[in-house]
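The values are calculated or read from the model by the stated rules, or taken from the named source; none is laboratory data. Owing to the predicted nature of the structure, the values given are computational and were not obtained by experimental measurement. Neighbour counts run over all protein chains shown; Cβ positions are idealised from the backbone, glycine included.
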Amino acid sequence: MITAGGTSAADFALATGTPYKALAPIGARCCIDVVVDAARGLDPAAIAVVAPEEVATHLRARVDRIVPASADGIVNIMQALTAFPDAGPLLYLTCDLPFLTRAALADFVTRAGNAGIAMALADGAAYAAAFPGAADHTIRLGHERIANGSVFLIDRAARSAVAATAGRFFAARKSLPRLAVLLGPALLAKFALRRLRLADIEARARAVLGVDARAVRDCSPVTCFDIDSITDWTYAHTRALAHAQAGA
């Protein structure tokens, strides 16, 4: 399941020629094409996309199902989580992962195992090495630096529990203070004292959700580079063009 319903700020739309991050050019392709191709490489039972009509028109022949997008991002997340109620594990992706590959997804899925919900994380140093000169999207957690991914694996039995807090979690996933507040005052205190560890967040998530919540460490940095700003898009598009020219 890929969510692709969000619109971008006016400056981003002007630079990319589209109000949708999903349709922003990355080299010769659109960003959503990169994500769909990576997902298709896993030979999934089905690929669905939550998308507005413009994105749906671009994708209709390439995916199995289109779920009409809402103007409310949380509604779109809920639609994604409930689109396949009888399916097994759901691989949840955002549309703005311009460097995503099949190999990176396959590695994450394999190492996520039978977790109720798993989230991809990359080592901060590995992320910086993979994307030299890019904006820093890593965060410090205790004595380590990590990059949060936009790739999740959610088991069928866990989806109702995840859906109950999904909107708040996805909105907070890149902000340690917001995550700490979401997960409780004890973690907020640890964060303030710089003692918050990944294991603390995993344990609290298990308690709140009632499922095995797991961070999959040392994933490929491509699972974590997403487009949050026009600076991120410029970096990704320029790099894709340079790689294409080098290959030619």
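List of remarks:
- Flag for Thr238 being of a type in the set (Val, Ile, Thr) and either at pLDDT 90 or above or under 30 Å from Ala10 (Cβ atoms) (or both): yes
- Scanning the stretch 198-211 for residues being part of a loop (DSSP other than H, G, I, E, B) and buried (at least 18 other Cβ atoms within 10 Å of the Cβ) gives a total of 1.
- Residue within the stretch 13-25 that is touching a Leu at 6+ places or on another chain (Cβ under 7 Å), under 28 Å from Ala158 (Cβ atoms) and of a type in the set (A, V, I, L, M) present: no
- Within the stretch 1-17, the set of residues being crowded, with 18+ Cβ neighbours inside 10 Å and either touching a strand residue (DSSP E or B) at 6+ places or on another chain (Cβ under 6 Å) or not small (Gly, Ala, Ser) (or both) comprises Met1, Ile2, Thr3, Ala4, Gly5, Phe12, Thr16.
For (1) at pLDDT 95 or above; (2) assigned to a loop (DSSP other than H, G, I, E, B); (3) in contact with a Pro (Cβ under 8 Å, 6 or more places away or on another chain); (4) of a type in the set (S, T, N, Q), each residue gets a yes or a no:
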position: Leu93; (1), (2), (3), (4): yes, no, no, no
position: Leu97; (1), (2), (3), (4): yes, yes, no, no
position: Thr110; (1), (2), (3), (4): yes, no, no, yes
position: Ala120; (1), (2), (3), (4): yes, no, no, no
position: Tyr127; (1), (2), (3), (4): yes, no, yes, no
position: Gly133; (1), (2), (3), (4): yes, yes, no, no
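- Here Tyr20 passes the criteria (1) farther than 16 Å from Asp228 by Cβ; (2) crowded, with 18+ Cβ neighbours inside 10 Å; (3) touching a helix residue (DSSP H, G or I) at 6+ places or on another chain (Cβ under 6 Å) except the one numbered (1).
- Within the stretch 214-230, tally of residues that are more than 15 Å from the chain's Cα centre (by Cα) and at pLDDT 95 or above: 1
- Residues that are without any contact (Cβ under 8 Å) to a residue 40 or more places away in the chain and either outside any helix (DSSP H, G or I) or within 15 Å of Asp136 (Cβ to Cβ) (or both), drawn from the stretch 219-248: Ala248
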